[in-house]
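Q: Got a structure for you, written out below as C-alpha cells; questions coming shortly.
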Amino acid sequence: MPIRSIVSKKFFIISVSIIALAGIGTSGYLYYQYQTVMNNPSVSAQTEASDLIKKVSKLMLLPRDESPTIATVSDSTKLRSQPFFKSAKNGDKVLIYAKAKMATLYDPTANIIVAVAPLNVDVSANTSTQATAATDTKK
C-alpha cells in the first residue's frame with residue numbers, strides 16, 4: 001500500500017472520531033440542560049421574568065423595590081371591552097406592580113410599551129383581591 005493512502009485513511013478515521021466525540025459531547029450537554037429545566041421549571045420562569053423586566057426597563061422607569069406579577073395576554077378578544085387592553089394582542093405581557101399601583105402592557109414582538117395605567121386594588125372583606133387598571137373616561 002502506498003504511504004499516501006495510509007495517511008489519508010488515518011486522517012479520515014481521526015476526523016470521523018473527532019466529529020463523533022463532539023456530537024456525543026454536545027448531546028450530553030443539551031440533555032443535561034433539558035433535565036435541569038424539567039426538574040426546576042421555576043428557574044426558567046425566573047430567567048424569563050428577569051429578561052422581560054430588563055427589556056421593559058430600557059423603555060421606561062420601573063419600580064425597583066418590588067418584583068412585578070407578570071401575565072400573558074392569551075385571548076385579546078375577551079379583553080377588548082377594557083380600555084387598557086384595547087390595543088392588546090395575544091402574546092403581549094402585562095407587568096403588574098401592586099405596591100407602586102401600576103400596570104404596564106408590553107408588546108415583546110415590537111418591543112414597545114402599549115399602555116401604562118394606575119392600578120386600583122380593592123380588598124374586600126372575604127380576603128379576595130381584585131385588581132383593575134384605572135382608565136381615564138373623559139372625552
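Q: State whether segment 33-109 is rounded, prolate or oblate according to the following rule on the C-alpha gyration tensor (a ≥ b ≥ c being the square roots of its eigenvalues): a/c under 1.5 gives rounded; otherwise a/b larger than b/c gives prolate, and the remaining case gives oblate.
A: Because a/c hits 1.5 or more and a/b fails to exceed b/c, segment 33-109 counts as oblate.
Q: Mind checking the full-extension length gain between Lys78 and Ile113? Use 0.36 nm per residue of separation minus the Cα-Cα distance, one decimal, nm.
A: Numbers: separation 35, 0.36 × 35 = 12.60 nm, distance 2.04 nm.
Stretched out fully, the Lys78 to Ile113 stretch lengthens by 10.6 nm.
Q: Run down the lysines and flag those whose C-alpha is under 18 Å from the C-alpha of Lys78, throwing out any fewer than 8 positions away in its chain.
A: Partners within reach: Lys86, Lys89, Lys93.
Q: In nm, to one decimal, how far is the modelled label at Ile6 from the one at Ser44, with both set 7 Å along Cα→Cβ?
A: Here the answer is 5.4 nm between the modelled labels.
Q: Please state the charge dipole magnitude for segment 62-126, taken about the Cα centre, from unit charges on C-beta atoms (+1 on K and R, -1 on D and E), reported in debye and rounded to the nearest 20.
A: 120
Q: Among Ile113, Ile3, what is the fewest-to-most ranking by other Cβ atoms within 10 Å? Show your work: numbers first, answer last.
A: Details: Ile113 14, Ile3 7.
Ranked by crowding around the Cβ, least crowded first: Ile3, Ile113.
Values in this text are rule-based calculations from the coordinates and carry no lab data. Everything numeric here is computed off the predicted structure, so don't read it as measured data. With ideal geometry, Cβ positions are generated from the backbone for all residues, glycine too; neighbour counts draw on all protein chains shown.
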